[in-house]
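This report concerns only the one structure given below.
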Amino acid sequence: MAKVFIYPSTSLILADLVSRYGHTPLSSAVSIREHIQTAGFESAPLQITPEDPKKGLRWAAVEVPSGVRGRMSLYGPMIAACEAAIIIDNADLAFGCMGCARTNELITFLIRQKNIPILDLNYPADEEEGVRFVAAVRKFLSGLGAKP
Amino acid sequence: MTEYRPEHIGLVTKYIVIESFKITPQDLLIRAYEISKGVMIKENCFGLTLMGTEEDVDRIVAELRKIDPAHIFVKDRGFPPGDARRCRSSLGGARPGFHGMEFEMTVIPYISHGIEDLERRDATAIGKTANPLEKSYLDIYRLKKIIDAQEP
């Protein structure tokens, strides 16, 4: 069972397909759950503490905005732990402010720098593309060494 | 700053999203309650939210998937159900994260079709997906055609 990083990391479709075909999806919910189940100082509703931008220094330089570094404290450990990645390139839902946009660019950059199997896809626009999408994900995941 | 005391430590929360003509969230809810054994279950407009130990939640998810495998989708959630930091009853408006799910719900029928179709078809006969990294630039001859077509 491989740990597969998914991008967009909130994707329902990718999280489901990865777990359906026997692997562990690394999504933002997993790191946020760890975060909010750890005692610290509350800064509701965001739950990003002053410590997080410091942790993010491991993946982004000090002159990078703290918003990016704070986000990287969530995604960085997952990128370090992942053994494969599935990236959807035309994910309009990943659109956001500059903090999100730059973090997304940094995430995809770091994944591509890592020497792991990566599957690049677009969201399907019709039923036939849907079949090809699922077939590509299944073939990719079966190559990682578990069921289907 | 106030001291933060985390709740529900060690428990996991999962969304079960339905895209089906055959079943409703209520059907799933009734089945989930039958096998819940203490897992917290909340019904939503799009499906269910489950919270409990990982083994219990995975057991219920596996059972619920059997009802309509190609039309039930599952993903993790970071916050527990009804958490004041995310619940729209305390924040107002749509829950953060809902819009992403709303977007994917427009694509999910194609995925369901793909999952069902793959059971029937030979996977080797299915073509490859287009590589999104190969950007196709506008051909100069095609550009000329477009310009010519625009001129009266």
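Considered as a group, the residues in region B:18-41 that are more than 19 Å from B:His71 (Cβ to Cβ) and out of contact with any strand residue (DSSP E or B) (no Cβ under 9 Å at 6 or more places or on another chain) include one that is surrounded by the most Cβ atoms within 10 Å (Cβ to Cβ), and that residue is B:Ile35. State all residues of region B:58-97 that are within 12 Å of chain A (Cβ to nearest Cβ), over 20 Å from A:Ile48 (Cα atoms), in contact (Cβ under 8 Å) with a residue 40 or more places away in the chain and not in a strand (DSSP E or B); if no residue qualifies, say none. Matches in region B:58-97: B:Val61, B:Pro69, B:Ala70, B:His71. Among the residues of region B:73-115, those that are in contact with a Gly (Cβ under 8 Å, 6 or more places away or on another chain) and either loosely packed, with under 14 Cβ neighbours inside 10 Å or farther than 19 Å from A:Pro124 by Cβ (or both) comprise B:Arg86, B:Ser89. Tell me, please, whether a residue that is free of Cβ contacts under 8 Å to residues at least 60 places away in the same chain, polar (S, T, N, Q) and assigned to a loop (DSSP other than H, G, I, E, B) can be found in region B:38-47. So far as region B:38-47 goes, yes, one or more of its residues are free of Cβ contacts under 8 Å to residues at least 60 places away in the same chain, polar (S, T, N, Q) and assigned to a loop (DSSP other than H, G, I, E, B). Here is a check on your reading of the model: is A:Asp92 among the acidic types (Asp, Glu) and surrounded by fewer than 16 Cβ atoms within 10 Å (Cβ to Cβ)? So A:Asp92 passes the test.
When B:Pro132, B:Pro109 are checked against the criterion of being under 24 Å from the mean Cα position of the chain (by Cα), under 20 Å from A:Asp92 (Cβ atoms) and without any contact (Cβ under 8 Å) to a residue 40 or more places away in the chain, a single residue qualifies: B:Pro132.
Is at least one residue of region A:116-124 crowded, with 16+ Cβ neighbours inside 10 Å and more than 18 Å from the chain's Cα centre (by Cα)? Looking for residues that are crowded, with 16+ Cβ neighbours inside 10 Å and more than 18 Å from the chain's Cα centre (by Cα), one finds at least one in region A:116-124, hence yes.
Taking the condition of being among the hydrophobic types (A, V, I, L, M, F, W, C) and part of a loop (DSSP other than H, G, I, E, B), how many residues in region B:48-57 meet it? Before the answer, list the steps.
Start the filter on region B:48-57 by keeping residues that are among the hydrophobic types (A, V, I, L, M, F, W, C), which leaves B:48, B:50-51, B:57.
Filter once more, keeping what is part of a loop (DSSP other than H, G, I, E, B): none.
Number of matching residues: 0.
When the helices (runs of 4 or more DSSP H) confined to region A:9-123 are screened for residues that are away from chain B (no Cβ under 14 Å) and modelled with pLDDT under 90, those reaching at least 1 such residues are found at A:51-55, A:66-81, A:98-113. The numbered conditions (1) touching a residue at least 24 places away in the same chain (Cβ under 8 Å); (2) within 14 Å of another protein chain (Cβ to nearest Cβ); (3) surrounded by 12 or more Cβ atoms within 10 Å (Cβ to Cβ); (4) over 19 Å from A:Tyr21 (Cα atoms) are all true for B:Tyr15 except (4).
The values are calculated or read from the model by the stated rules, or taken from the named source; none is laboratory data. What you see is a predicted model, and the numbers here were worked out from it, not measured in a lab. Here the Cβ is made from the backbone with ideal geometry for all residues, glycine too, and neighbour counts use every protein chain on show.
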